[in-house]
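J.: Sharing a structure below in structure tokens format, with a few things to ask.
The values are calculated or read from the model by the stated rules, or taken from the named source; none is laboratory data. The structure displayed is predicted, hence computed values, not measured ones. Here the Cβ positions follow ideal geometry from the backbone for every residue, glycine too, while neighbour counts run over all protein chains shown. Please note that ligands, DNA and RNA were not included when accessible areas were found on the heavy atoms of the full protein model with its side chains. Shrake-Rupley method; radii C 1.70, N 1.55, O 1.52, S 1.80 Å.
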Amino acid sequence: MQQQDLYRTESSKPVAQFARDLKEVAATYGFVVHNAEKMAMAEAFARHNAPVAPDFDLHMIQLCKPEKAAQSMGANPERSVLMPKFVMAFSGEGKTQIRFLRYNAEEIAAVVGDPQFPASLAETYGRIVTMIEEAR
């Protein structure tokens, strides 16, 4: 992984508010938050009796565009390994820190030998960055 593959930004909104706003913005682009009920990791860890600090507020937001994902994985199930798209939002330095890991075309091609997939995935990555920017 190269440093430019990690999208980093921040927001003055609280983590939970950013997550709600990202969900709303995503819907306007045909995306859904696949794990809306389970993205607050403090709650997820508590369900498994793994306590965290009271101020732990990491949200792992899984975005999906069901129609595109179904078509893409139907064309080549090997693509599925790169399909989960997570946006991480957590508190740090007095703001909400936002991270999104994306892969470049060479990395995608090395994982999935599929000539159409790198461009398609790059388009999705670009759309997710746009959604983050609108929500932050």
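J.: Along the charge dipole of the chain, pointing to its positive end and built from +1/-1 on Cβ of Lys, Arg, Asp and Glu, which listed residue (128, 29, 104) has its Cα farthest out?
T.: 29
J.: So how exposed is residue 47, as accessible area in Å² (1.4 Å probe, rounded to 10)?
T.: We get 130 Å² for residue 47.
J.: Report, in debye and to the nearest 20, how large the dipole of the range 1-69 comes out about its Cα centre when Lys and Arg carry +1 and Asp and Glu carry -1 on their Cβ.
T.: Computed charge dipole of the range 1-69: roughly 160 debye.
J.: Compute the longest continuous run of the chain that contains no exposed chymotrypsin sites (Phe, Trp or Tyr not before Pro); treat a site as exposed when its DSSP state is not H, G, I, E or B and it has at most 16 other Cβ atoms within 10 Å.
T.: No qualifying site falls inside 57-136, the longest such stretch.
J.: Expressed as an acute angle from 0 to 90° and rounded to the nearest 10, what is the orientation of the C-alpha long axis of helix 15-28 relative to the principal long axis of the chain?
T.: 30 degrees
J.: Then there is this: DSSP loop GluC sites (Glu not before Pro) in the range 32-136 with at most 14 other Cβ atoms within 10 Å of their Cβ, which ones? All intermediate terms of the calculation are to be shown ahead of the outcome.
T.: On the way: sites: 37, 43, 67, 78, 93, 106, 107, 123, 133, 134; in loops: 37, 93.
Listed in order of number, the matching sites are 37, 93.
J.: Going Cα to Cα from residue 13, which lysines come in below 29 Å? Please leave out same-chain ones fewer than 8 positions away.
T.: List returned: 23, 38, 65, 85, 95.
J.: When the accessible area of the chain is split by element with a 1.4 Å probe, what percent falls to carbon and sulfur?
T.: Answer for the chain is 55 percent, counting heavy atoms of protein chains only.
J.: Using Cα centres only, tell me the gap between the range 72-125 and the range 10-52 in whole Å.
T.: 18 Å
J.: While we're looking at this one, here's another question. Using a 1.4 angstrom probe on the protein heavy atoms only, could you order 52, 81, 87, 25 from most to least accessible area? Let's see the in-between values first.
T.: Working: 52 60, 81 95, 87 0, 25 20 Å².
The most accessible residue leads, giving 81, 52, 25, 87.
J.: Under a Cβ-Cβ cut-off of 14 Å, what is the net charge of the residues other than residue 20 that fall near it, where Lys and Arg count +1 and Asp and Glu count -1?
T.: So the surrounding residues net to -2.
J.: Hey, another quick one. Can you give me the accessible area per residue for the chain, using a 1.4 Å probe, in Å²?
T.: Counting only protein heavy atoms, the per-residue value for the chain is 57 Å².
J.: Another question, then. Can you give me the Kirkwood hydrodynamic radius for the range 15-78, using every pair of distinct Cα atoms, in Å to one decimal?
T.: On the way: mean 1/r = 0.0751 Å⁻¹.
Hydrodynamic radius (Kirkwood, Cα pairs) of the range 15-78 is 13.3 Å.
J.: If you place +1 on the Cβ of every Lys and Arg and -1 on the Cβ of every Asp and Glu, how big does the dipole about the Cα centre of the range 71-112 come out, in debye to the nearest 20?
T.: Dipole size: approximately 180 debye.
J.: To one decimal place, what orientation-averaged projected area in nm² is obtained for the convex hull of the Cα set of the chain?
T.: 8.8 nm²
J.: Could you tell me which residue out of 48, 87, 14 lies farthest along the dipole of the range 1-106 toward its positive end? Charges go on the beta carbon: Lys and Arg +1, Asp and Glu -1, centred on the Cα centre.
T.: Farthest towards the positive end: 87.
J.: Evaluate the charge dipole of the chain about its Cα centre and quote only its size in Debye, nearest 20, assuming +1 on the Cβ of each Lys and Arg and -1 on the Cβ of each Asp and Glu.
T.: Dipole of the chain, to the nearest 20 debye: 200 debye.
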